[in-house]
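Novice: One structure follows; several queries about it will come next.
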Amino acid sequence: MEGQSLVTDIHNRHSHPIELRDATVTDPFWAAEQELVRTAVIPYQWNALNDNVPGAAPSYCMHNFKAAAAQNAERHEQGKAFVPPKYTFRGFEALPEDPANPDPDKFYGFVFQDTDFSKWIEAVGYSLTHHPDAELEATADAAIDIVCAAQLDNGYLDTYYILNGMDRHFTNLKDHHELYCFGHLVEGAVAYYEATGKRKLLDAACRFADYIDSRFGTEEGRLHGYPGHEIAEMALVKLAAVTGETRYADLAEYFVWQRGQQPLYFALEDRRRAEEDGRNYEPREQNYVYYQADKPVTEQTEALGHAVRAAYFYSGVADVARITGEAALLESCETLWRNIVDRKLYITGGIGATHMGEAFSFDYDLPNDTAYSESCAAIALAFFARRMLEIQPKSEYADVMESALYNTTLAGMALDGKSFFYVNPLEVVPEACHRDERKFHVKPVRQKWFGCACCPPNIARMVESVQQYAYTVADDASTLYVHLYMGGVVSAKLGGSDVSLEVRAGMPWNGAGAITVTLPSSDEGQVPESFALALRLPAWAGGESAADSIHATGEKDSRITRTTRDGYLYLTGTWRDGDVIDFDFPMPVRMIAANPLVREDAGKVAFIRGPLAYCAEGTDNGDNLHLLHADAETIAADPDSVKVNEITFHAQAAAQDERGLGEVEPVDLPMVTLTIPAWRESSQGAADKSLYALWQPAQRQPTEVTLIPYFAWANRGETEMTVFLRS
């Protein structure tokens with residue numbers, strides 16, 4: 001009975017995101033980010049997909065699609081005489097013996113290389129939605145023609161097995177990413193269809209989905225498996241929404257419930273493959289935690305394993321929980337959310353503490369200098385947060401989503417849009433990155449591209465679709481939720497009428513702005529409409545006390561009333577055309593200490609202003625940042641001792657080698673930096689001292705420390721960086 005009431009409450013309150021076409025971004029910050037993606041990142045990544053970026057690791061993505069299309073054409077031409085390739089395992093990453101002369105008929109790259117295209121086309125779709133570009137659309141159409149030409153007659157579309165041998169397809173779901181590639185293909189196809197109305201790629205995705213649907217299920221004779229790398233779950237829910245085919249959502253539900261059921265499918269698969277290969281099978285059941293597949297999701301209480309896979313899976317579980325109303329799934333989502341946010345979340349909105357398996361570590365283990373915090377993982381966390389908002393609007397979900405977007409996601413791309421981080425540490429000493437094998441995964445400057453290139457196109461598609469994360473609408477069309485404050489226009493049907501909101505905001509640099517309501521007019525004049533606007537009360541502005549910073553014109557004559565619930569201010573009543581909501585959120589500098597159980601941050605503090613985490617770089621503060629101490633007592637006693645500086649940040653860095661490593665082209669960006677009172681522990685005479693000596697009080701040299709937004713670090717050359725300072 002208790003579970004049923006929860007389900008009822010979900011159905012009464014859950015919402016859905018605004019369609020991308022119904023929201024535009026005009027504020028200087030995000031509009032500049034989207035323009036950067038349009039003008040620099042998308043063209044750059046198209047060149048990368050075609051292996052045309054000097055000094056960058058080759059993608060081989062379009063090479064593989066062309067090879068598969070040529071083989072498919074040969075198959076159709078020869079008919080029954082065609083001899084398909086027999087499966088040959090060539091490693092998780094296959095590279096040509098002669099990099100300058102790859103075989104045009106062979107597959108190269110990682111087993112998931114197809115997704116380079118899928119994420120690129122998704123970003124293209126989002127871009128074309130608001131910025132039509134005939135040349136870009138023609139390029140995309142030509143690419144889609146190549147991709148679709150590679151599809152087999154049965155609907156299967158994964159170049160790794162098409163080129164290496166279909167006799168082993170769907171035999172290594174655990175590691176070979178076929179369903180992951182399918183998921184990204186669906187998301188790219190949906191985005192391109194919604195932008196252009198062209199169905200070619202969408203139809204190809206549907207045929208692949210139909211083939212998968214015909215092969216998987218609990219019935220006898222079907223595969224009882226599920227994705228090794230999750231994403232198909234949420235992609236299928238999206239495909240069902242676009243096509244109206246509920247069986248796609250049913251397939252997503254199957255994948256969610258089947259995962260981790262006994263007997264473990266991956267264990268059966270591993271055994272079967274070992275027998276076929278003539279190897280001894282050695283069960284390693286504990287390894288399935290890495291895939292979130294050691295037990296059913298309803299029994300999982302801790303976020304474990306590969307962080308991107310996990311957050312993608314949790315996002316899919318949340319999608320299925322929302323559309324089915326399954327209370328057990330919702331409870332699992334909330335349990336896993338609490339474990340992440342309360343014990344495994346970096347202050348920069350990143351997740352995944354260890355490079356061993358790119359995974360979550362144990363509770364409260366959040367090292368700064370060896371952090372993995374993959375760019376894709378922060379994006380996956382934003383996916384999860386938005387889906388939790390769709391189930392039940394609670395400001396905490398939006399607070400975390402905002403932090404992941406403004407900090408780790410944006411840090412993954414240089415300010416010129418031409419180099420990228422895979423790993424996002426919170427502390428960097430360049431010498432250690434170069435000489436300490438334990439930190440080789442940490443890069444002090446961004447890379448031009450990666451052979452495993454999941455992060456760059458993931459960032460592109462997130463930035464181009466960020467407005468979808470700003471708003472949701474209640475399923476009964478009674479309420480529009482404002483989760484993120486970004487300038488732009490959003491349209492929705494509320495209370496039976498088409499309503500438009502024009503948002504002006506100064507985020508992330510200041511908390512002031514206004515929302516103007518536009519309502520349709522009839523021949524008799526403008527008709528007042530009844531609905532609610534729910535505005536998030538950010539934790540960084542004081543949470544529910546921030547409601548005092550919001551004022552609606554309709555409150556003066558009691559047309560609009562206010563209530564606060566779950567961190568949102570609900571302004572409800574009769575609205576008129578031209579009504580304005582003014583807000584001016586306080587944006588104090590907050591000095592933050594980690595939970596004492598986070599050993600790496602004991603005795604340290606970090607600084608947050610608005611949604612932004614800040615860091616110190618050697619460029620501004622000299623070497624040996626570990627000798628800097630924030631004067632925490634002074635700052636706590638007098639918050640005004642921290643200076644807030646409005647500056648123009650100049651990004652530029654020279655290339656470190658002939659491949660362009662570390663290069664950042666000149667970019668000027670309005671920015672707010674912080675200057676905090678501090679002291680530096682003297683290192684005078686350090687070179688002459690013994691390695692160890694009798695303890696003496698540190699010699700304090702009063703100084704100031706300049707802090708810049710975390711997303712902007714490593715844009716002025718290779719230097720030290722730290723988010724946490726000793727206090």
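Novice: If I ask for residues that are among the hydroxyl-bearing types (Ser, Thr, Tyr) and either open to solvent by 10 Å² or more (accessible area, probe 1.4 Å) or not in a helix (DSSP H, G or I) (or both), which ones from region 292-322 would you list? Can you show your working first?
Specialist: So in region 292-322, the residues among the hydroxyl-bearing types (Ser, Thr, Tyr) come out as 298, 301, 312, 314-315.
Result: Thr298, Thr301.
Novice: Same structure again: Consider Phe255 carefully, then state whether it is within 24 Å of Lys119 (Cβ to Cβ), of a type in the set (Phe, Trp, Tyr) and part of a helix (DSSP H, G or I).
Specialist: Working: within 24 Å of Lys119 (Cβ to Cβ): yes; of a type in the set (Phe, Trp, Tyr): yes; part of a helix (DSSP H, G or I): yes.
For Phe255, the condition - within 24 Å of Lys119 (Cβ to Cβ), of a type in the set (Phe, Trp, Tyr) and part of a helix (DSSP H, G or I) - is met.
Novice: Looking at Ser497, Ser491 in this structure, which one is open to solvent by 10 Å² or more (accessible area, probe 1.4 Å), modelled with pLDDT under 95 and polar (S, T, N, Q)? Talk me through it step by step, then tell me what you get.
Specialist: Details: Ser491 fails: modelled with pLDDT under 95.
Residue meeting the stated conditions: Ser497.
Novice: Taking Glu431 as meeting all but one of (1) assigned to a helix (DSSP H, G or I); (2) buried (at least 22 other Cβ atoms within 10 Å of the Cβ), write down the number of the exception.
Specialist: Result: Glu431 fails condition (2) only.
Novice: Moving to a separate point now. With of a type in the set (Ser, Thr, Tyr) and either open to solvent by 10 Å² or more (accessible area, probe 1.4 Å) or not in a loop (DSSP other than H, G, I, E, B) (or both) as the only criterion, which of Ser373, Ser332 stands out?
Specialist: Ser332
Novice: A further question on this structure: Are there any pairs with C-beta distances below 9 angstrom linking a residue in region 544-561 that is in contact (Cβ under 8 Å) with a residue 40 or more places away in the chain to a residue that is of a type in the set (S, T, N, Q) and assigned to a helix (DSSP H, G or I), with the two at least 6 apart or on different chains, and if so which?
Specialist: Pairs that qualify, where the first residue is in contact (Cβ under 8 Å) with a residue 40 or more places away in the chain and the partner is of a type in the set (S, T, N, Q) and assigned to a helix (DSSP H, G or I): there are none.
Novice: Which residue, of Ala353, Ala404, Ala380, is hydrophobic (A, V, I, L, M, F, W, C) and in contact (Cβ under 8 Å) with a residue 60 or more places away in the chain? Explain how you work it out, then say what you get.
Specialist: Working: Ala353 fails: in contact (Cβ under 8 Å) with a residue 60 or more places away in the chain; Ala404 fails: in contact (Cβ under 8 Å) with a residue 60 or more places away in the chain.
Of Ala353, Ala404, Ala380, the one residue that is hydrophobic (A, V, I, L, M, F, W, C) and in contact (Cβ under 8 Å) with a residue 60 or more places away in the chain is Ala380.
Novice: Taking region 570-607 only, how many residues are in a loop (DSSP other than H, G, I, E, B) and open to solvent by 20 Å² or more (accessible area, probe 1.4 Å)?
Specialist: Within region 570-607, the first condition is being in a loop (DSSP other than H, G, I, E, B), and the residues that meet it are 576-579, 585-588, 593-598, 602-603.
From what's left, open to solvent by 20 Å² or more (accessible area, probe 1.4 Å): 576-578, 586-588, 593-597, 602-603.
Qualifying residue count for the region: 13.
Novice: Starting from residues that are surrounded by fewer than 24 Cβ atoms within 10 Å (Cβ to Cβ) and modelled with pLDDT under 90, keep the ones in region 450-478 and report whichever is nearest to Glu720 (Cα to Cα).
Specialist: Out of the qualifying residues, it is Phe450.
Novice: Can you name the residue in region 381-412 that is farther than 24 Å from Val320 by Cβ and charged (D, E, K, R) and, of all such residues, is surrounded by the most Cβ atoms within 10 Å (Cβ to Cβ)?
Specialist: Glu402
Novice: Of the residues Asn510, Asn458, which is polar (S, T, N, Q), in contact with a helix residue (DSSP H, G or I) (Cβ under 6 Å, 6 or more places away or on another chain) and under 23 Å from Val400 (Cα atoms)? Working first, answer last.
Specialist: Values: Asn510 fails: in contact with a helix residue (DSSP H, G or I) (Cβ under 6 Å, 6 or more places away or on another chain).
Just a single option satisfies the conditions, and that option is Asn458.
Novice: Continuing with this model, one more query. Could you grab me the full set of residues in region 693-727 that are open to solvent by less than 10 Å² (accessible area, probe 1.4 Å) and assigned to a loop (DSSP other than H, G, I, E, B)?
Specialist: Trp713, Ala714, Asn715, Val723
Novice: Consider Ala411 carefully, then state whether it is touching a residue at least 40 places away in the same chain (Cβ under 8 Å) and within 13 Å of Leu345 (Cα to Cα).
Specialist: On the way: touching a residue at least 40 places away in the same chain (Cβ under 8 Å): yes; within 13 Å of Leu345 (Cα to Cα): no.
The answer is no for Ala411.
Novice: On to the next question. Pairs under 7 Å by beta carbon, first residue more than 14 Å from Arg215 (Cα to Cα) and open to solvent by 10 Å² or more (accessible area, probe 1.4 Å) in region 165-187, partner among the charged types (D, E, K, R) and part of a loop (DSSP other than H, G, I, E, B), six or more apart or different chains?
Specialist: Short answer, once both residue conditions are applied: Asp167/Lys86.
Novice: Is it fair to say Gly217 is surrounded by fewer than 19 Cβ atoms within 10 Å (Cβ to Cβ), modelled with pLDDT of 95 or more and more than 20 Å from Cys454 (Cβ to Cβ)? Before the answer, list the steps.
Specialist: Numbers: surrounded by fewer than 19 Cβ atoms within 10 Å (Cβ to Cβ): yes; modelled with pLDDT of 95 or more: yes; more than 20 Å from Cys454 (Cβ to Cβ): yes.
Spelling it out, Gly217 is indeed surrounded by fewer than 19 Cβ atoms within 10 Å (Cβ to Cβ), modelled with pLDDT of 95 or more and more than 20 Å from Cys454 (Cβ to Cβ).
Novice: Also: Suppose we filter region 112-136 for residues that are of a type in the set (A, V, I, L, M) and farther than 17 Å from Pro457 by Cβ; how many remain? Steps first, please.
Specialist: Of the residues in region 112-136, the ones of a type in the set (A, V, I, L, M) are 121, 123-124, 128, 134, 136.
Within this subset, residues satisfying the condition of being farther than 17 Å from Pro457 by Cβ are 134.
The number of residues fulfilling the criteria is 1.
Novice: Among the residues of region 95-113, what is the count of those that are touching a Gly at 6+ places or on another chain (Cβ under 7 Å) and either in a loop (DSSP other than H, G, I, E, B) or surrounded by fewer than 12 Cβ atoms within 10 Å (Cβ to Cβ) (or both)?
Specialist: Here the count works out to 0.
Novice: Right, Ile340: over 25 Å from Leu173 (Cα atoms) and without any contact (Cβ under 8 Å) to a residue 60 or more places away in the chain or not?
Specialist: Working: over 25 Å from Leu173 (Cα atoms): yes; without any contact (Cβ under 8 Å) to a residue 60 or more places away in the chain: yes.
Criteria met by Ile340.
Novice: Right, here's the next one. If Ala637 passes every condition in (1) small (Gly, Ala, Ser); (2) open to solvent by 60 Å² or more (accessible area, probe 1.4 Å); (3) on the phi > 0 side of the Ramachandran plot but one, which one does it miss?
Specialist: Only one criterion is unmet by Ala637, namely (3).
Novice: Go through Ala514, Ala505 for me and flag whichever is at pLDDT 95 or above, touching a Phe, Trp or Tyr at 6+ places or on another chain (Cβ under 6 Å) and within 30 Å of Leu669 (Cα to Cα). Lay out the reasoning, then the answer.
Specialist: Details: Ala514 fails: touching a Phe, Trp or Tyr at 6+ places or on another chain (Cβ under 6 Å).
Only one candidate passes the filter, namely Ala505.
Novice: Can you find even one residue in region 232-239 that is within 22 Å of Lys119 (Cβ to Cβ), without any contact (Cβ under 8 Å) to a residue 12 or more places away in the chain and of a type outside the set (Val, Ile, Thr)? Before you say what the answer is, go through the steps one by one.
Specialist: Kept after step one, since they are within 22 Å of Lys119 (Cβ to Cβ), are these residues of region 232-239: 232-239.
So of that shortlist, the ones also without any contact (Cβ under 8 Å) to a residue 12 or more places away in the chain come out as none.
No, there is no match, as no residue in region 232-239 is within 22 Å of Lys119 (Cβ to Cβ), without any contact (Cβ under 8 Å) to a residue 12 or more places away in the chain and of a type outside the set (Val, Ile, Thr).
Novice: Considering region 539-563 alone, what residues qualify as being closer than 30 Å to Ile347 by Cα, surrounded by 17 or more Cβ atoms within 10 Å (Cβ to Cβ) and touching a strand residue (DSSP E or B) at 6+ places or on another chain (Cβ under 7 Å)?
Specialist: Trp540, Ala547, Ser549, Ile550, listed by residue number.
Novice: Restricting attention to region 74-94, and to residues there that are more than 26 Å from Ala48 (Cβ to Cβ) and in contact with a helix residue (DSSP H, G or I) (Cβ under 8 Å, 6 or more places away or on another chain), which single residue is most open to solvent (accessible area, probe 1.4 Å)? Break it down stepwise before answering.
Specialist: First pass over region 74-94, keeping only residues more than 26 Å from Ala48 (Cβ to Cβ): 74-89.
Checking the rest, the ones that are also in contact with a helix residue (DSSP H, G or I) (Cβ under 8 Å, 6 or more places away or on another chain) come to 82, 84-89.
On the way: Phe82: 26, Pro84: 70, Pro85: 40, Lys86: 150, Tyr87: 44, Thr88: 76, Phe89: 128 Å².
Once the filter is applied, the top-ranked residue is Lys86.
The values are calculated or read from the model by the stated rules, or taken from the named source; none is laboratory data. What you see is a predicted model, and the numbers here were worked out from it, not measured in a lab. Neighbour counts run over all protein chains shown; Cβ positions are idealised from the backbone, glycine included. Side chains are part of the model used for accessible areas, which takes the heavy atoms of the whole protein and leaves out ligands, DNA and RNA. Shrake-Rupley method; radii C 1.70, N 1.55, O 1.52, S 1.80 Å.
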